[in-house]
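Below: one structure, written as structure tokens.
No lab work stands behind these numbers, since they all come straight from the coordinates. The model shown is predicted, which means the values in this text are computed figures rather than measured ones. Please note: Cβ atoms are built from the backbone with ideal geometry, for glycine as well, and neighbour counts cover all protein chains shown.
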């Protein structure tokens with residue numbers, strides 16, 4: 001071996017491998033956290049879209065649609081919202097308020113908000129006070145303190161969202 005070349009020791013190689021491994025773990029954690037926050041942002045956006053459609057329905061009929069622990073976005077019961085209320089198929093509706101009711105993204109959820117048959121993670125809608133109000137119970141993976149929501153169960157009602165179970 002030439003005397004001018006530096007020798008690489010096993011310890012140096014192990015340190016380099018450990019640093020690369022640590023960077024990989026941190027990058028994986030950062031990507032998973034970003035995905036989780038993106039799913040929650042989509043869930044919040046979907047709930048707001050549903051709230052807007054429910055307000056349009058209320059303006060048309062002076063009541064909110066009927067339903068009790070209805071899983072929103074369900075292809076059999078609540079895939080769309082027409083003037084008749086939530087339906088699995090709105091093809092026969094003369095006036096459609098929202099053609100496709102968004103459903104929750106089940107990835108990352110702990111299953112603390114479930115409804116429907118079979119039971120599954122969902123945005124769970126219930127008409128209240130004889131159609132004068134509604135509650136949509138939904139789950140988030142992360143707390144969103146800037147909008148007052150927490151990890152786990154949250155509730156959407158006419159004009160607002162709040163942390164915790166629907167009352």
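Summary of computed values
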quantity	calculated
Residue-averaged [θ]222 nm for the chain, counting only DSSP H segments that reach four residues, each worth -39500 (n - 2.57)	-11500 deg cm²/dmol
Label selected from (i) -0.41, -0.84; (ii) -0.30, -0.72; (iii) -0.41, -0.74, the criterion being log10 I(q)/I(0) by the Debye sum over Cα atoms at q = 0.09, 0.14 Å⁻¹ as computed here	(iii)
Simple label model, 7 Å out from Cα along Cβ direction - residue 68 to residue 7, nm	8.2
Percent of Cα-Cα distances greater than 16 Å, calculated over the stretch 60-140	50
Whole-angstrom gap from the stretch 123-148 to the stretch 7-57, using each part's C-alpha centre	26
Projected label distance in nm at residue 147 and residue 33, using a 7 Å step from Cα toward the beta-carbon	2.0
C-alpha long axis of helix 10-61 to longest principal axis of the chain, angle in °	10
